[in-house]
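Comments concern the structure below.
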Amino acid sequence: MQSLNKNIPATFVLFLFVAWSGYAQKKISIVTSLPDLASIAQEVGGDKVEATSIAKGYQDPHFVDAKPSYMISLQKADLFIEMGLDLEIGWVPLLVDGARNPAIQPGGKGFLDASTGVPLLEIPSGDPTKLRAEGDIHVYGNPHYWLDPQRGKVIAKNIFDALVALRPENKDYFKKNLDAFDKKIDEKTAVWIAKLAPLKGTKIIAFHNSWPYLTERFGLQVQAFIEPKPGIPPTPKHLVSLIKLIQEQNIGSIIIEPYYSKKSAEILAEKTNAQIVELATSVGAEKSINSYFDLFDYNVNRLVDALGKSAHH
Amino acid sequence: MRSRPALVPLLIVTSLVFYDPAKIVAQKSDRAVQDSLDQALEKEMMEALSGTDTSFQMTGSTSRSGSSTNPRISVIGSFLSSGTSNNATAKTVDLGLSEAEISFQSYVDPYAKADFFVGFGRAVEDPFTGPDKGAAKSGDYEADLEEAYLTTLSMPFALQLKVGKFRGDFGKINQYHPHGLGYADLPRMYVNYLGEEGLADRGVGLSWLVPNPLGFYQELNVEITSGALDNPSFGGSSDNLLYLGHLKNFFDVSDHTTLELGLTGMQGANGDEGRKTKIGSGDLTLKWKPLRENRYRSLEWTTEALFSHRSDSAKTVKSVAFYTFLNYQIAKRWFLGGRYDYSQFPDNSKDSEKAYSGILGFYATEFQKLELQYQRGFPAGRKAFNRILARLVFVIGAHGAHQY
């Protein structure tokens, strides 16, 4: 009896230690709207985090369905990350509100808008009430900013700040990962630019205006879109004008997102010499794209193959 | 390519050397030299950052426009026209804006958000009930506070509290505003048992995400409301508290297919003092929508059935009603739908109405849609009719979210 009593403090300390170490080892659960954010969060968070994405990489980020089952995955999250700029306006608010998770409400430590501080292109000027007449224009600017690897560094820095706020004791660890990520991005950016350098200034056609950040970084020139205005399907008249444009300017490639119907692009390809190049908009768009680095490896290789071929053509 | 990033640390190191404080204090005259050197360095850095050659620049603006604390405001117009044959109502053709709805939505503080919906509606004649009942006067718009409620966001134990006036969590579609439905008229089951506008009362609702070992979405919602004075099932009583319980189950059958099963139980006093009406209902919705190219093809099939048990001093009436609606997306902007309605009445199970509808929907953009609906209606005790409904719905203002 006495020996048992003696052991109580030791048992208690042991219990505290086990409980504490269990707590310390608990990974930060991160849920992101898009897989690119999950990939970067995993890079920065390392083995201290578990990051998953709601949308799949081959989905249209504007139009993900707000299935209630996604609320269940958000319910236990410590951190939710969105691209922001109203890209996910049609689905994220419903999921965040419905998740019953006070930790991830906007304004709190567990909610991160990854676009914070990202330099944006195509910020509309003028009367905002006229914007809708221009199609699906985003009032804050073009939201596809993660398609520039350098802007990926800003995303990573934002995620780093959010992780430090949640786990200050792991700051050094996250900093080490962030620096490694930035270094790798810089090294790879140089490689990607070098690979695409011979194709600098190549004119292309795009389906939707998803690519300004990618084309600016790598020096490609989108001459026209298959959509006459963002979100508006092409008319026969618009397709005719594109056929003329492709022929006049000898444009070799039409880039398209994974989630759009290829019908109109195929018509253009058939009537001209241009070829269709499906690019990845997000991590996971193709089986081989498992990380944010893979995303650019894939797209750069696709562009080099396709545009290089059409240049010789 | 690699020389540019290497330049930046070099510059920093260089400038740090030049910033040796001892030197600056000791040699004041050197400051001018130092300043000009700094300026030169700064100029070089600026050129390095904005020059055409560098690969790591980022153009664009980091400022965000349009931030204000105003709530999200949107206005929805619904223009409904109908033509009815074999009709006993006063009008066979009805043209006109049936409703304008203004909504304001915002977070209140870190603990709650608020939603307000104000509607300006015009009564549209109902060919099922005839001219005597609806008492519609065309051109008369009535303002109505459709919904005004606060929803908590920070309650523990996966609870959420709703306070105010709101559309009740009955069945599958009661919480939707009419313009969000894929047809121009409310199913007869809703009209006959809950009223022309559906169920929308003032009160409180508490919902709970039920934890379950299988990890699927299960939500239990309990609502206590009051004010359903003109409700066909519960109206006319002074003691008209309504108790509603709704259990929503949602399953991902696959990445592309989902199944929702809802059960609702409702009880309240009816017009006859002290007597009660009980309603039980079930709703089943199957949705198929491919994840990839999800904007080109989809299918939705909703069926709802209702059982009512109403007793008053004279009699007890047990009645039923149901509808089934199938909507298939045939192209990016085109939907083809069909609906069958069968409904008895809360106080009469001997008579019933039926209706067949076919709907063609054209969703021009997210902000405008046109629906053309043909309906063959069989009212209780009156001649069958044919009706064409055309509805144009348009939205301006804030972009809303799309409930699944």
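A few points about this structure:
- Scanning segment B:140-165 for residues that are surrounded by fewer than 15 Cβ atoms within 10 Å (Cβ to Cβ) and of a type in the set (Gly, Ala, Ser) returns a single hit, B:Ala143.
- Test for B:Arg310: is it more than 30 Å from A:Glu134 (Cα to Cα) and either loosely packed, with under 15 Cβ neighbours inside 10 Å or among the basic types (Lys, Arg) (or both): yes
- All positions within segment B:276-294 that are within 13 Å of chain A (Cβ to nearest Cβ), at negative phi, surrounded by fewer than 19 Cβ atoms within 10 Å (Cβ to Cβ) and of a type outside the set (A, V, I, L, M): B:Trp288, B:Pro290, B:Arg292, B:Asn294
- In this structure, A:Lys203 does not qualify as within 18 Å of B:Met58 (Cβ to Cβ) and either within 11 Å of chain B (Cβ to nearest Cβ) or among the charged types (D, E, K, R) (or both).
- Test: residue in segment B:338-354 that is touching a residue at least 60 places away in the same chain (Cβ under 8 Å), assigned to a strand (DSSP E or B), within 29 Å of A:Thr235 (Cα to Cα) and in contact with a strand residue (DSSP E or B) (Cβ under 9 Å, 6 or more places away or on another chain): no
- Residue check, B:Phe325 modelled with pLDDT of 95 or more, within 14 Å of chain A (Cβ to nearest Cβ), in contact with a strand residue (DSSP E or B) (Cβ under 6 Å, 6 or more places away or on another chain) and under 30 Å from B:Asp115 (Cα atoms): no
- Considered as a group, the residues in segment A:163-202 that are part of a helix (DSSP H, G or I) and of a type in the set (Gly, Ala, Ser) include one that is nearest to A:Ile251 (Cα to Cα), and that residue is A:Ala197.
- Within segment A:58-88, considering residues that are in a loop (DSSP other than H, G, I, E, B) and acidic (Asp, Glu), the one nearest to A:Phe174 (Cα to Cα): A:Asp78
- Verdict on B:Phe128 being farther than 23 Å from B:Thr264 by Cβ, more than 14 Å from every other protein chain (Cβ to nearest Cβ) and at pLDDT 95 or above: no
- Residues of segment B:275-297 include at least one that is in contact with a helix residue (DSSP H, G or I) (Cβ under 7 Å, 6 or more places away or on another chain) and of a type in the set (Lys, Arg).
- Count of residues meeting criterion [touching a helix residue (DSSP H, G or I) at 6+ places or on another chain (Cβ under 7 Å) and within 14 Å of chain A (Cβ to nearest Cβ)] in segment B:196-215: 2
- Residue in segment A:88-110 that is more than 10 Å from chain B (Cβ to nearest Cβ) and within 23 Å of A:Gln59 (Cα to Cα) present: no
- Residue check, A:Ser29 part of a helix (DSSP H, G or I) and either polar (S, T, N, Q) or more than 22 Å from B:Glu300 (Cα to Cα) (or both): no
- Filter result (surrounded by fewer than 24 Cβ atoms within 10 Å (Cβ to Cβ) and assigned to a helix (DSSP H, G or I)) within segment A:44-57: A:Gly46, A:Asp47, A:Lys48
- The set of residues in segment A:125-155 being touching a Lys or Arg at 6+ places or on another chain (Cβ under 9 Å) and either surrounded by 15 or more Cβ atoms within 10 Å (Cβ to Cβ) or in a loop (DSSP other than H, G, I, E, B) (or both) consists of A:Gly135, A:Asp136, A:Ile137, A:Tyr140, A:Gly141, A:Tyr145, A:Leu147, A:Asp148, A:Pro149, A:Gln150, A:Arg151.
- Counting residues in segment A:51-66 that are within 18 Å of A:Lys109 (Cα to Cα), more than 9 Å from chain B (Cβ to nearest Cβ), more than 17 Å from the chain's Cα centre (by Cα) and at pLDDT 95 or above gives zero.
- Some residue of segment A:301-308 being within 19 Å of B:Glu293 (Cβ to Cβ), crowded, with 22+ Cβ neighbours inside 10 Å and touching a strand residue (DSSP E or B) at 6+ places or on another chain (Cβ under 9 Å): no
- Residue count, segment A:206-219 (criterion: in a loop (DSSP other than H, G, I, E, B) and away from every other protein chain (no Cβ under 14 Å)): 3
- Inspection of segment A:157-168 finds no residue satisfying the criterion of being loosely packed, with under 14 Cβ neighbours inside 10 Å and either touching a Gly at 6+ places or on another chain (Cβ under 6 Å) or under 25 Å from A:Arg132 (Cα atoms) (or both).
- Being without any contact (Cβ under 8 Å) to a residue 24 or more places away in the chain and either at negative phi or of a type outside the set (Phe, Trp, Tyr) (or both) holds for only one residue in A:Pro258, A:Pro236, A:Pro230, and it is A:Pro236.
- Members of segment A:235-271 that are surrounded by 19 or more Cβ atoms within 10 Å (Cβ to Cβ), more than 11 Å from chain B (Cβ to nearest Cβ) and not in a helix (DSSP H, G or I): A:Ile251, A:Gly252, A:Ser253, A:Ile254, A:Ile255, A:Ile256
- Total residues in segment B:49-95 satisfying the condition of being surrounded by 15 or more Cβ atoms within 10 Å (Cβ to Cβ), modelled with pLDDT of 70 or more and not aliphatic (A, V, I, L, M): the figure is 16.
- Number of positions in segment B:363-404 that are farther than 15 Å from B:Gly337 by Cβ, within 14 Å of chain A (Cβ to nearest Cβ) and of a type in the set (Phe, Trp, Tyr): 3
- Number of positions in segment A:210-227 that are in contact (Cβ under 8 Å) with a residue 12 or more places away in the chain and under 23 Å from A:Val118 (Cα atoms): 12
- Summed over segment B:368-384, the residues that are among the hydrophobic types (A, V, I, L, M, F, W, C) and part of a strand (DSSP E or B) give a count of 3.
The values are calculated or read from the model by the stated rules, or taken from the named source; none is laboratory data. Just so it is clear, the model here is predicted, and its values are computed rather than measured. Backbone-built Cβ (ideal geometry, glycine too); neighbour counts: all protein chains shown.
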